[in-house]
Amino acid sequence: MAQSGKNLKHGSTRQQPLVGDYTFGSVTDKISAIVLRGRTPRNWYFGFAVAFLLVMVLLWSVGYLFLRGVGIWGINMPVAWGFAIVNFVWWIGIGHAGTLISAILLLLRQQWRTSINRFAEAMTLFAVACAGLFPLLHLGRPEYFYYLVPYPATTGMWPQFRSPLMWDFFAVATYATVSLFFWYVGLIPDLATLRDRAKRRFSRIAYGFLAMGWRGSARHWQRYQRAYLLLAGLATPLVVSVHTIVSLDFAVSIIPGWHTTVFPPYFVAGAIYSGFAMVLTIAIPLRAVYGLQDLVTARHLDNMAKVMLASGLVVAYGYLIEAFIAWYSGNLFERYMMLNRAFGEYGWCYWLLIASNIVVPQLLWFRSVRHSVPLLFVIALVINVGMWLERFIIVVVSLSRDFLPSSWGLYVPTFWDWATFIGTIGLFAALLFVFIRLLPMISIFEMRELLEESKGEHS
Amino acid sequence: MADAQLYGLLAEFRDPEALVDGARRVREAGYRRFDAFSPMPIEGLAEAIGFTRTRMPLVVLIGGLIGAVAGYLLQYWVSVIAYPLNVGGRPLNSWPYFIPVTFETTVLVAALFGVLGMLALNGLPRPHHPLFAVEQFAHATRDGFFLCIETADARFAGDETRRLLVEAGATEVFDVPA
């Protein structure tokens, strides 16, 4: 309220979260038409085909993994955590931006979140699905993954609750479930819209089934809004806890480069950083292809760029503190870890990381850069790569040099490491393609709400 | 007699403000069994129809407490009673280590109660409702603002109720078959 009042004083339309002359009807039609139109656009088929091909690569490499075991990857002692853990942390971090946008920005009453929260939440779900694959594939005997579940087994064994890996299992499982709830609850009124607007009998039945008979009653809305707000309040500490626990997988151990107290906040900031980069990577092509520039406006891109810049600076602080503590601790192994990170066998990764996570994003200080869509897209891609490199350095470089020179070793990813990783990118993209074809990628009822609120302020 | 086959009268309003205003007047006229329908939540509408308290926060609180207690007890039982592991004489009930999982189960059960509680209190899923028989009601999920007075209301009286709705600002009034 206060914010838009300020905008009125400035007489600026740039700050409006919605551009153009929309009515409740036209904004509904515009978003639902993307889903309900009869013909699937040709470029959708093309994009989905590429993604599907990569899903086949994933199935192929997972199939071969089940046949031959984890020996097909480059992992060995001492680097027993290779790409699988790097990818796990990378994917789960990406998911965090979706929850941040939908929950934290909701609690902070940031209205601009409305047109990006739906697909950001979908991105969270799909990223968590990709993340969840890796620890299971990494098990060596993936058929026994259910040993993590505390259930009364005939063996009489129970899981070890003092292990961060157990915490991780609970955190990721809770995160996936709560994200799914949050997403589905947000979808219910829109599913009802699609039910009432669908022409084909099958679509009407399918959307009607999922909408569960939603009819927009004022009593229902009251409980709905309260439940949604409470879910947001629950999801906010949850998202912080998930990446904190992921970081504890490392920080609780004694490996130099892992045993660091700065890890939890620095991991959470990194997760937000990479997640926003991924939201931009998805949003920029989507709005261009589906002509959604009125709904996902320059202001959204600008704000997301600012969040990226801010979280990127927290990440930079994390890198700085890691280096400082390595020196200040006076610990031989810590000091060697840092020198090895920067100038050792994998040193080029470290400098590439500094370039892509710290140097390049400084361009975002400039308004002209934040308003140049192609530049923003490139920077987002660079940050995606940078954040992947960060996890590679934490996992692989730390393990390759531990306390005894006799147990040093290097890690070189194999073809199967790459095939599995690229396969999950395909899975992520394929799920996104299915999502934008079948469900509204922008929350329709929240756009109507936004319209009503901005109308009220102008009159 | 016609009332016996009716579920109620459905009135359409022009915009959100008219609906809130209309709902307030219907309530002031003494009606209680009526509901408003809109394509998005409208501030003040629930108050206007006399629905001010929801038990949602209590439901979520109960869920959270159950999750917290159950999560901690599970870990306590596993680590102290069912499968005690003596690691250098450290305490079996090592509570700081049990906090992360307790936190996760708290959030999980609270969220479960929040979603299922919201649906249960709303009486959803409910695939069919008499209102869906009115063709115009499909706009309630697009750009239509409706108010429905049920025949079950003690004050319901066919034409008089219809007149009240028109006076309250309805643009059109529909019969809802039972």
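The values are calculated or read from the model by the stated rules, or taken from the named source; none is laboratory data. Since this is a predicted model, take the numbers as computed values, not measurements. Heads up, the Cβs are rebuilt from the backbone with ideal geometry, glycines too, and the neighbour counts pull from every protein chain shown. Each accessible area value is taken on the protein alone, full model and side chains, heavy atoms only, with ligands, DNA and RNA left out. Shrake-Rupley method; radii C 1.70, N 1.55, O 1.52, S 1.80 Å.
Order the following by accessible area, largest value first: A:Thr261, B:Thr151. Probe radius 1.4 Å; ligands, DNA and RNA are ignored.
A:Thr261, B:Thr151
For peptide A:154-161, compute the average count of partner chain beta-carbon atoms within 10 Å of each residue's beta-carbon.
The mean count of partner-chain Cβ atoms within 10 Å per residue comes to 5.
State, to one decimal in nm, how far the label point of A:Leu339 lies from the label point of A:Tyr45, with both points 7 Å from Cα in the Cβ direction.
Distance between label points: 6.2 nm.
Give me a comma-separated list of calculated 3J(HN,Hα) values for region A:65-73, in order, Karplus coefficients 6.51, -1.76, 1.60 applied at θ = phi - 60°, integers in Hz, x for any Gly or Pro.
4, 5, 6, 9, x, 5, x, 6, 8
Work out which residues of region A:173-196 lose at minimum 40 square angstrom of accessible surface when the other protein chains are put back, relative to the chain isolated, with a 1.4 angstrom probe, and list them by number.
Buried-area filter returns A:Thr174, A:Phe181, A:Asp196.
Among B:Tyr72, B:Tyr31, B:Tyr83, which one shows the highest mean-square fluctuation when chain B is modelled as a Gaussian network with alpha-carbon springs under 10 Å?
For chain B, modelled as a Gaussian network with Cα springs under 10 Å, the answer is B:Tyr83.
In Å³ and rounded to a whole number, note down the convex hull volume per residue for the Cα atoms of region A:87-204.
It comes to 168 Å³ per residue, whole-number rounded.
Where does the Debye-calculated log10 I(q)/I(0) of chain A sit at q = 0.10, 0.11 Å⁻¹, using only Cα point scatterers of equal weight, no solvent?
-0.78, -0.94
Subtracting the Cα-Cα distance from 0.36 nm times the residue separation, let me have the gained length for A:Phe366 to A:Arg437 in nm, one decimal.
22.0 nm
Rg (Å, one decimal) plus Dmax (Å, integer) for the alpha carbons of region A:164-235?
15.7, 51
Keeping every protein chain in place, order B:Ile66, A:Ile254, A:Ile85 by accessible area at 1.4 Å, biggest value first, i.e. largest first.
Highest to lowest solvent-accessible surface, that is A:Ile254, B:Ile66, A:Ile85.
Applying 1/(1 + (r/R0)^6) with R0 = 56 Å to the Cβ-Cβ distance of A:Thr23 and A:Ser407, what FRET efficiency is obtained, to the nearest 0.05?
Step by step, r from the Cβ atoms, then E = 0.20.
If I compute solvent accessible area with a 1.4 Å probe over the protein chains, what percent of it on chain A is carbon and sulfur?
The computed percentage sits at 70.
Which whole-number percentage describes the relative contact order of chain B, with Cα contacts under 8 Å and a sequence gap of 6 or more?
50 percent
Using the Karplus equation 6.51 cos²θ - 1.76 cosθ + 1.60 (θ = phi - 60°), what ³J(HN,Hα) coupling, rounded to whole Hz, does each residue of region A:175-184 give in order, writing x for Gly and Pro?
4, 4, 5, 5, 4, 5, 4, 4, 5, 5
Counting trypsin sites (Lys or Arg not before Pro) as exposed when in a DSSP loop with at most 14 other beta carbons within 10 Å, what is the longest stretch of chain A free of them?
A:201-459
Set the Förster distance to 25 Å, then compute FRET efficiency between B:Thr52 and B:Arg163 from the Cβ-Cβ distance, nearest 0.05.
Computed FRET efficiency for B:Thr52 and B:Arg163 comes out at 0.35.
Give the accessible surface of region A:239-283 per residue, rounded to a whole number of Å², with probe radius 1.4 Å and ligands, DNA and RNA excluded.
23 Å²
For region B:6-86, which whole-number percentage of the solvent-accessible area (1.4 Å probe, protein heavy atoms only) is attributable to carbon and sulfur atoms?
Heavy-atom surface of region B:6-86 belonging to carbon and sulfur, 1.4 Å probe: 58 percent.
Over region B:56-121, consider all pairs of different Cα atoms and compute the Kirkwood hydrodynamic radius from their mean reciprocal separation; express it in Å, one decimal.
Kirkwood radius, region B:56-121: 12.8 Å.
Restricting to Cα atoms and excluding each atom paired with itself, what does the Kirkwood estimate give for region A:252-369 in Å?
16.2 Å
Please state the charge dipole magnitude for chain A, taken about the Cα centre, from unit charges on C-beta atoms (+1 on K and R, -1 on D and E), reported in debye and rounded to the nearest 20.
1540 debye
Considering only DSSP states other than H, G, I, E and B, which GluC sites (Glu not before Pro) in region B:1-44 qualify as loop sites with at most 14 other Cβ atoms within 10 Å?
For GluC sites (Glu not before Pro) across region B:1-44 that sit outside H, G, I, E and B with at most 14 neighbouring Cβ atoms in 10 Å, the list reads B:Glu43.
Rounded to the nearest 0.05, what FRET efficiency is calculated for A:Leu332 and A:Leu53 with R0 set to 51 Å and r the Cβ-Cβ distance?
For R0 = 51 Å, the calculated efficiency reads 0.55.
Using only the alpha-carbon atoms, what does chain B span along each of its principal axes? Please give whole angstrom values in decreasing order.
83, 30, 29
Largest first, how would A:Glu452, B:Glu135 line up by accessible area (1.4 Å probe)?
Ranked list, largest accessible area first: B:Glu135, A:Glu452.
Using modelled amide H (1.01 Å from N, peptide plane; none on Pro or chain starts), what sits under 5 Å from the amide H of B:Leu6, excluding residues fewer than 5 places away?
Hits under the 5 Å cutoff: B:Ala178.
Using the basic label-point model (7 angstrom from Cα toward the beta carbon), what is the B:Val69 to B:Glu28 distance in nanometres?
4.8 nm
Give me the tail of P(r) for region A:390-459 as a percent: Cα-Cα pairs with distance above 19 Å.
67 percent
Counting Lys and Arg as +1 and Asp and Glu as -1, what is the net charge of the other residues whose Cβ lies under 11 Å from the Cβ of A:Trp90?
Net charge around A:Trp90: 0.
Chains A and B: buried accessible surface, both sides, probe 1.4 Å, rounded to 100 Å²?
Summing both sides, the interface buries roughly 5300 Å².
Roughly speaking, what is the stretch gain from A:Leu229 to A:Leu180, that is 0.36 nm per residue apart minus the C-alpha to C-alpha distance, in nm to one decimal?
Full-extension gain reported as 16.1 nm.
Would you grab the residues whose amide H sits under 5 Å from the one on B:Phe145? Only those 5+ places off in sequence or on another chain, please, with H modelled 1.01 Å from N.
Correct list: B:Phe13.
Using θ = phi - 60° and the Karplus form 6.51 cos²θ - 1.76 cosθ + 1.60, what ³J(HN,Hα) does each residue of region A:385-400 get, whole Hz, x for Gly and Pro?
5, x, 5, 5, 4, 4, 5, 4, 5, 4, 6, 7, 5, 5, 6, 5
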